[in-house]
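Data block below; observations after.
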Amino acid sequence: MRIRSGWATRSGFYMAAIGSAFGLGNLWRFPYVVGTHGGGAFVVIYILCAFCIGLPILIAELMLGKVTQQSAINAISVITHHKKSRWLWAGRLAIVASLLLLAFYGTVSGWVLYFLMQFLMTPLKVESADTTVLFQQLMSNGYLQLALTGAHILIVAFVVSKGVRQGIERWVRFIMPVFFILLLFLMFQSLQLPGSEQALRFMFYPDFNKLTLSTLVEVLGHVFFTLSVGMGAMVAFGSYLQPDISPIRAGVIVCSLDVLISLLAGLLIFPIVFSGSVGVESGYSLLFETVPLLFSRMGMGDYFGIAFFLCLYTTALVASMGLVESSVSNLVDRYRFSRTTASYSIAGLGFILAILPSLSSSFLKDFRINDWDFITAYDTLLINWVLPGTAVGLSLFVGFKLNRSDKWKEFENKYQGDSREIFGVWQFVVRWLAPIVIALALAGELLDFSF
Ligand code: TRP
């Protein structure tokens, strides 16, 4: 087995893994799904599922990559010693998932790019900007959305074609800490607003009566999405791990930071919601209609606007790079594509797939699949169904097929903390608990659908 060149530094890997986990999932999607699913109870179940189900599968993916030094599809065939193993469907589905997700993610990244451009082009005018109008204008302009999505995907392909290490490490190292501090600052500003008490109650006071089975499906899907699990991305990142880094510890760090940042995003957005006229159930537009309002009430708001959307765009870029990377690494490892060909082919395909969601609020707004417009269809099918499905496949694979001694070695990692006592619990979760919970939730939802 060939040994890959590892990350340049230990923090380089962390930065890349954290960079791919941290993104629109935390800042844009988390607040809006919390809003549309009733608040507190969703948040509680989300935190539980992130640590009890998402984290063990995240560790499983990282471990599979680290042990085999290969990206998802090859990793599976190396372990099964079989070119046609039926487990390979999990790897293939992972590629499909990352492509579709790239299309969906690219569309939303285009929106972020638009807001960034607005703040850059019209400095000092934020007081008069009616943010709802701004978002609606963008939604009704299909050509603009398509152009922004295309621009975004092209930028991503360009960076990825230059190689993963140079591509990702440098960006993330600088922008993550800056964004974190900016978010903390903005959160404190937001918590001064009159609606903050109501916001805290909404986010942390669970009303379990509001829970239904679809909440569980929604939580699980979001957990996989936000942790970048269920599409082999973490297998690819794990494959670059140096021997002395423990995938268990890396998983715990990534998961904890990810949850923390999502909560920060909620604490930033909900006080604005409860202090003004934006509805808690606004959905996609929630982030874009609230945060600019905060800037309009702050001194130097327009500069904060630029900084915020610049950071947000950078995280969207890094996450998109991770998405492309997870397909590219499969094409390079398995099908011997050159990195450049692979990057541009994936980007081209991603763009074609992005046409439907990019136009879904304008030209295609009357097309419905099961009452969803295209972007909702991508979001729901992919995040609530495909990601959990692939996650189950990868979880069972690592649980049952990966050599026990290989797994054990990672838990007794000599360099970075010994975590042998949790091996049994982890293995129980990836073999049984996670697959059963996911299967039950999906089966319940399916029954619900047909009645
Ligand atoms: N986790 C990312 C976010 O929250 C999105 C994402 C999902 C992702 N899967 C990925 C990023 C795979 C990189 C690779 O925004």
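The values are calculated or read from the model by the stated rules, or taken from the named source; none is laboratory data. This one's a predicted model, so the numbers in the text were calculated from it and none came from an experiment. Please note: Cβ atoms are built from the backbone with ideal geometry, for glycine as well, and neighbour counts cover all protein chains shown. All accessible areas refer to the heavy atoms of the entire protein, side chains included, with ligands and DNA or RNA removed. Shrake-Rupley method; radii C 1.70, N 1.55, O 1.52, S 1.80 Å.
Among the listed residues ASP333, ASP379, identify the single one that is farther than 21 Å from PHE30 by Cβ and part of a helix (DSSP H, G or I).
Only one candidate qualifies: ASP333.
Provide a single number: the residues in the range 387-398 that are open to solvent by less than 10 Å² (accessible area, probe 1.4 Å) and touching a Pro at 6+ places or on another chain (Cβ under 8 Å).
Initially, the range 387-398 is screened for residues open to solvent by less than 10 Å² (accessible area, probe 1.4 Å), giving 387-388, 390-391, 393-395, 397-398.
Next, from what is left, pick out any that are touching a Pro at 6+ places or on another chain (Cβ under 8 Å): 395.
Selection size over the range 387-398: 1.
Does MET176 satisfy the condition of being assigned to a helix (DSSP H, G or I) and either touching a helix residue (DSSP H, G or I) at 6+ places or on another chain (Cβ under 8 Å) or at pLDDT 95 or above (or both)?
Details: assigned to a helix (DSSP H, G or I): yes; either touching a helix residue (DSSP H, G or I) at 6+ places or on another chain (Cβ under 8 Å) or at pLDDT 95 or above (or both): yes.
Yes, satisfied.
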TODO: State the number of residues belonging to the range 20-42 that are within 16 Å of the ligand (Cβ to nearest atom) and either in a helix (DSSP H, G or I) or in contact with a Leu (Cβ under 6 Å, 6 or more places away or on another chain) (or both).
DONE: 13
Task: Qualifying helices (runs of 4 or more DSSP H) (wholly inside the range 203-313; at least 3 residues being out of contact with any strand residue (DSSP E or B) (no Cβ under 7 Å at 6 or more places or on another chain) and more than 16 Å from the ligand (Cβ to nearest atom)) - done: 213-226, 247-275, 286-297
Open item on the list: Testing MET321 on (1) within 16 Å of the chain's Cα centre (by Cα); (2) surrounded by fewer than 23 Cβ atoms within 10 Å (Cβ to Cβ); (3) not aromatic (Phe, Trp, Tyr), one condition comes back false. Which one is that?
Closed with: (2)
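Answer yes or no as to whether SER320 is without any contact (Cβ under 8 Å) to a residue 24 or more places away in the chain, among the polar types (S, T, N, Q) and on the phi < 0 side of the Ramachandran plot. Walk me through it before giving the result.
Details: without any contact (Cβ under 8 Å) to a residue 24 or more places away in the chain: no; among the polar types (S, T, N, Q): yes; on the phi < 0 side of the Ramachandran plot: yes.
No: the conditions fail for SER320.
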Open item on the list: Exactly one of these conditions fails for LYS365: (1) in a helix (DSSP H, G or I); (2) more than 15 Å from the ligand (Cβ to nearest atom). Give me its number.
Closed with: (1)
TODO: Might you let me know whether the range 227-235 holds any residue that is closer than 17 Å to PRO56 by Cβ, within 14 Å of the chain's Cα centre (by Cα) and open to solvent by 10 Å² or more (accessible area, probe 1.4 Å)?
DONE: yes
Open item on the list: Out of the residues in the range 324-337 meeting the condition of being farther than 24 Å from PHE115 by Cα and either more than 14 Å from the ligand (Cβ to nearest atom) or at pLDDT 85 or above (or both), tell me which one is least open to solvent (accessible area, probe 1.4 Å).
Closed with: ASP333
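For every residue, the table says whether it meets (1) surrounded by fewer than 19 Cβ atoms within 10 Å (Cβ to Cβ); (2) under 21 Å from LEU113 (Cβ atoms).
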site: ILE253; (1), (2): yes, no
site: VAL273; (1), (2): no, no
site: SER282; (1), (2): no, yes
site: SER285; (1), (2): no, yes
site: PHE304; (1), (2): no, yes
site: ALA316; (1), (2): no, yes
site: ARG339; (1), (2): yes, no
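Taking the options ASN384, ASN413, name whichever one is surrounded by 14 or more Cβ atoms within 10 Å (Cβ to Cβ), outside any helix (DSSP H, G or I) and in contact (Cβ under 8 Å) with a residue 40 or more places away in the chain.
On the way: ASN384 fails: outside any helix (DSSP H, G or I).
Only one candidate qualifies: ASN413.
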Open item on the list: Contact list please: Cβ distance under 8 Å, first residue in the range 95-121 and polar (S, T, N, Q) and in a helix (DSSP H, G or I), second residue at pLDDT below 95 and open to solvent by 10 Å² or more (accessible area, probe 1.4 Å), pairs at least six apart or on different chains.
Closed with: SER98/LEU323; SER109/TYR313; GLN118/ALA129; GLN118/LEU134
